[in-house]
Amino acid sequence: MITPLSSHTGAEVTDIDLTQRVDQASRERLNRAFVEHSVLVFRDQHLSPLQLFAAVQLFGDVFPQHNTRFALPECPQIHYISNQDFYPDGKRYIPGEGYHTDHSNAAEPPKATVLHAVQLPDRGGDTQFVNMHAAYQALPEAMRARIATLRGIHVYQSRHSERKLMALSEANQRRVPDAVLHPLVRTHPESGRKSIYLNPIRIEGIAGMDEAEALSLLDELLAHATQPQFEYRHQWRTGDMVMWDNRCLLHKANGDYDMTQVRYLYRIMLKGDVPV
Ligand SMILES: [Fe+2]
């Protein structure tokens with residue numbers, strides 16, 4: 001059963017066991033639901049890394065993630081998200097704070113990211129999503145015209161980012177492109193809907209635009225897009241497998257819980273297209 005979780009984003013999928021074979025009709029129904037709702041929440045799954053690896057391929061091919069220090073030894077295509085890692089300076093590393101879309105510095109960024117909750121704090125640690133298609137629809141016509149043909153410059157880590165990523169090893173740096181240009185308005189390859197496509201962690205500027213003007217425009221778009229009416233906020237339960245569409249959403253983690261409690265999830269991504 002597929003039940004919407006808000007009027008614009010998110011649907012809960014129940015009565016399915018992802019350790020079992022899923023027939024072709026169900027697979028197509030789930031892929032359609034993913035495009036329609038942008039976030040799918042599968043409850044009570046409790047998958048091993050290899051079971052998760054098999055399950056996500058109902059939706060596409062696996063995307064190799066950029067920083068392999070977080071790879072699971074038993075299934076390196078799956079990384080972990082944990083609150084038990086620290087920056088070299090000793091500060092706790094909370095992955096995913098601040099709104100962003102994943103790996104947008106790739107020429108073909110992942111269409112989807114999947115998280116599977118293994119261990120959670122008693123409360124807090126929600127993931128917030130905002131619907132960038134709804135945000136685009138709500139933009140004034142003049143702003144839509146202004147951004148229609150602009151392209152953002154995406155790098156591994158923008159020097160303007162407020163959040164610092166964990167540094168890449170030299171071997172990983174060689175695999176990750178220096179900078180890519182992506183349209184600021186992209187058209188979803190499956191639904192045909194337009195969305196604002198930006199990423200405060202990775203966008204360093206807008207091609208051909210003065211830096212101060214670009215940053216102010218990006219701030220304005222971000223402030224618009226992250227208003228509560230565009231948000232679905234996911235409260236995690238152990239066993240949730242949550243899959244979201246990076247092509248038309250931003251998301252962020254919240255480090256608002258008791259850090260003596262472990263928060264640990266598996267993460268895997270699916271390949272996407274060149275944004276157009
Ligand atoms: Fe993320």
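Run through all the Cα pairs of region 37-78 and give the fraction in each 10 Å bin from 0, expressed as whole percent. Computed distribution, short to long bins: 24, 51, 25, 0. Can you classify region 200-244 as rounded, prolate or oblate using the Cα gyration tensor, where a ≥ b ≥ c are the square roots of its eigenvalues, rounded means a/c under 1.5, and otherwise it's prolate if a/b beats b/c and oblate if not? Prolate shape, in that a/c is at least 1.5 and a/b is the bigger ratio.
Charging the Cβ of each Asp and Glu at -1 and of each Lys and Arg at +1, and nothing else, the dipole of the chain about its Cα centre rounds to 280 debye. Surface exposure of the chain, expressed per residue as accessible area with a 1.4 Å probe, stands at 45 Å². The P(r) of the chain has a tail past 32 Å containing 20 percent of all C-alpha pairs.
Checking the a/c ratio against 1.5 first, then a/b against b/c, what shape does the Cα gyration tensor give for region 133-256? Judged from the Cα gyration tensor, region 133-256 comes out oblate (a/c at least 1.5, b/c at or above a/b). For Lys111, the lysines whose Cα falls under 18 Å of its own Cα, not counting residues fewer than eight places away in the same chain, are Lys194, Lys252, Lys271. With kT/(6 pi eta Rh) evaluated at 4 °C and eta = 1.567 mPa s, and Rh the Kirkwood radius from Cα pairs, region 49-187 diffuses with a coefficient of 74 µm²/s according to Stokes-Einstein. For Arg29 and Glu97, a Förster radius of 22 Å and the Cβ-Cβ distance give a FRET efficiency of 0.05, rounded to the nearest 0.05.
Ignoring ligands, DNA and RNA, please state the percent of accessible area on the chain from carbon and sulfur, probe 1.4 Å. That fraction is 49 percent. Dividing the convex hull volume of the alpha carbon atoms of region 6-112 by its residue count gives 149 Å³ per residue. What FRET efficiency, computed as 1/(1 + (r/R0)^6) with R0 = 25 Å and r the Cβ-Cβ distance, is obtained for Tyr80 and Arg123, rounded to the nearest 0.05? Efficiency at R0 = 25 Å is approximately 0.70. Take 116-123, 137-144 and order them by the average number of nearby Cβ atoms within 10 Å per residue, most first; the result is 116-123, 137-144. Helical content of the chain, expressed as a calculated mean residue ellipticity at 222 nm, amounts to -6000 deg cm²/dmol (DSSP H runs of 4 or more residues, -39,500 (n - 2.57) each, divided by residue number, nearest 500). The charge dipole of region 88-215, taken about its Cα centre with unit charges on the Cβ atoms of Lys, Arg (+1), Asp and Glu (-1) only, comes to about 200 debye. For the chain, the relative contact order is 35 percent, taking Cα pairs closer than 8 Å that sit 6 or more residues apart in sequence and dividing their mean separation by the residue count.
The values are calculated or read from the model by the stated rules, or taken from the named source; none is laboratory data. Source: prediction; values computed, not measured. For neighbour counting, all protein chains shown are included, and Cβ atoms are generated from backbone atoms with ideal geometry for every residue, glycine included. In case anyone asks, the SASA skips ligands and DNA or RNA and just uses the protein heavy atoms, side chains included. Shrake-Rupley method; radii C 1.70, N 1.55, O 1.52, S 1.80 Å.
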